[in-house]
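The values are calculated or read from the model by the stated rules, or taken from the named source; none is laboratory data. All values derive from a computational prediction rather than experimental measurement. Positions of Cβ are generated from backbone atoms using ideal geometry, with glycine treated the same way; all protein chains shown enter the neighbour counts.
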Amino acid sequence: MRSVKFIHTADLHLGSPLKSIGTVSNTIRASLQNATFKALERIVDAALRYEVDFVLFSGDVYDADSRSIRANRSLAEQLGRLEEQNIPAYLIGGNHDPVTEHREDPIALPANARTFPADRPAREVVSRKNTPVARIIGQSYRGRSDSRKMFQKYAPADAEMWNIAMLHTSLDNTSKSYVPCTIEDLQALSDVQYWALGHIHKRQVLSAAEPIIAYPGIPQGRDIGETGLRGCLLAELFPRKKPRISLVPTGAILWEMQECPIDAGEGDPPETLEELVERMTRQARELLSEPVRPEDDLPLTGDEEDLQDLVEGFIVRWRITGRGAIHETLVRDRGETAEYLTGELNKRFGNERPFLWTESVQVHTGAPVPSLEELAGDSEIFTEIAWIIRELEEADTVPPEVARALGSIWETGGDYESLPPEKFLVTEVLLKEFYEEVKLRVVEAILARRESP
């Protein structure tokens, strides 16, 4: 077999707007409206720059509620750029853009694009200089949900060339909606060297050895649940040599969660709102000046300077945390306080390039109390509390008691894409903050009871 190089992307949700973040300037509004289209353009730029053999779109290219003429035209134009260089593109429909007999795009895609059918798996052979180099296998959704175990009929004809399988799945064997299967199911299908998955918006290389199993993640984050640097994958497969998977950054707008503690950090703890704004301003300038890097350890294509030029702006949700003297001021009128802090930050950074726009400010502060570690040496009850919290933090899963305490609006398992609209996903960060808040409130209650007559 010859080596092969390709782009793997998914979940573009073309035309889907980034979440509303209040009144913004015309420049920022244009960046938000064009962000998903910019990501597609950058995917094609990378395909041309690295002279790939083909490009894979593993479902949800469109967004169900935003399957517009503009989105269709943009896809056709960008695939046309690939066609000019004889680069084929392969697409499968996901749960947001299923393939049905009754729905046709108003603008036809160019001849180099092949959308796989929904009724059965299809196979396409990619040739280079009239020599077959790879076989692409794929199948589309037939509706907004699909419970078929598609992979069972994906078996390739032979291993004389690279077999690359496209699948839009949550990798949940119990799922009734998103093509049930497991990693073990995919690994057991012999002669497939790469599983190009879609549906999960978080970038993950679940298996780096053959078969490679990977989610590229969403190319452009659309809300605060999709933070950090986003992109697509550049995959290179070599005979008798370790494969190479690297990240191609594509997201122009980066969502970030920033925590600003009132009881730690540089300088004295803030005692007024003006001092808090100055602390947040310093933190914002650090974010703007620091090099942008991915959260995982995937190698990046291009150099650091190129990466900095890609970022048009940051959308930030602030969490004011900790315990300090300013707490009473912050909670006296949370809504007015948050509005003041948001307005001051947006006046300072909304017109910069790259911009930094504060989406919201959340206050999670408390009055000062001694640390649990200080108290543990003086009382057995505090030692017991410290032990319980430590056990909870080290647990692999969320204990049922904790899940019940969080309330019905929180979902402790599953993936972000499959989340019911009335639920919020419990992340590791949120769970850690929950335990910290519980710990402090228990300590506060015990101390208050001891002081009462």
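This table checks each residue for (1) under 18 Å from Val52 (Cα atoms); (2) without any contact (Cβ under 8 Å) to a residue 40 or more places away in the chain; (3) surrounded by fewer than 19 Cβ atoms within 10 Å (Cβ to Cβ).
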{"position": "Glu84", "(1), (2), (3)": "yes, yes, yes"}
{"position": "Thr100", "(1), (2), (3)": "no, no, yes"}
{"position": "Ile107", "(1), (2), (3)": "no, yes, yes"}
{"position": "Asp119", "(1), (2), (3)": "no, yes, yes"}
{"position": "Val133", "(1), (2), (3)": "yes, no, no"}
{"position": "Asp146", "(1), (2), (3)": "no, no, no"}
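All but one of (1) assigned to a helix (DSSP H, G or I); (2) under 30 Å from Arg49 (Cα atoms) hold for Ala284; which doesn't? Checking Ala284 against (1) assigned to a helix (DSSP H, G or I); (2) under 30 Å from Arg49 (Cα atoms), the one that fails is (2).
Go through the stretch 52-79 and give me each residue that's under 19 Å from Ala196 (Cβ atoms), at pLDDT 95 or above and touching a strand residue (DSSP E or B) at 6+ places or on another chain (Cβ under 8 Å). Once the filter is applied, which keeps residues that are under 19 Å from Ala196 (Cβ atoms), at pLDDT 95 or above and touching a strand residue (DSSP E or B) at 6+ places or on another chain (Cβ under 8 Å), the stretch 52-79 yields Val52, Asp53, Phe54, Val55, Leu56, Phe57, Ser58, Gly59, Asp60, Val61, Leu75, Leu79. Considering the stretch 319-339, the residues that are in contact with a Leu (Cβ under 7 Å, 6 or more places away or on another chain) and within 30 Å of Arg353 (Cβ to Cβ) include one that is surrounded by the fewest Cβ atoms within 10 Å (Cβ to Cβ), namely Thr337.
Selection of the stretch 39-56 for residues being farther than 18 Å from Gly251 by Cβ and touching a Pro at 6+ places or on another chain (Cβ under 7 Å) yields only Phe54.
Of all residues in the stretch 131-184, those being over 17 Å from Gly198 (Cβ atoms) and charged (D, E, K, R) number 6. Exactly one residue out of Tyr90, Tyr62 is within 22 Å of Glu226 (Cα to Cα) and either without any contact (Cβ under 8 Å) to a residue 24 or more places away in the chain or surrounded by 15 or more Cβ atoms within 10 Å (Cβ to Cβ) (or both): that is Tyr62.
Yes or no: the stretch 293-305 includes at least one residue that is surrounded by fewer than 16 Cβ atoms within 10 Å (Cβ to Cβ), part of a helix (DSSP H, G or I) and not assigned by TED's automatic domain parsing to the domain that holds Gly225. Checking the stretch 293-305: at least one residue is surrounded by fewer than 16 Cβ atoms within 10 Å (Cβ to Cβ), part of a helix (DSSP H, G or I) and not assigned by TED's automatic domain parsing to the domain that holds Gly225.
Taken over the stretch 190-215, residues that are in a loop (DSSP other than H, G, I, E, B) and among the small types (Gly, Ala, Ser) amount to 3. Contact map, the stretch 206-230: residues that are without any contact (Cβ under 8 Å) to a residue 40 or more places away in the chain paired with residues that are of a type in the set (S, T, N, Q) and not in a loop (DSSP other than H, G, I, E, B), Cβ distance under 8 Å, separation 6+ or inter-chain. Pairs shown: Ser207/Gln187; Pro211/Gln187; Ile213/Gln187; Ile213/Ser207.
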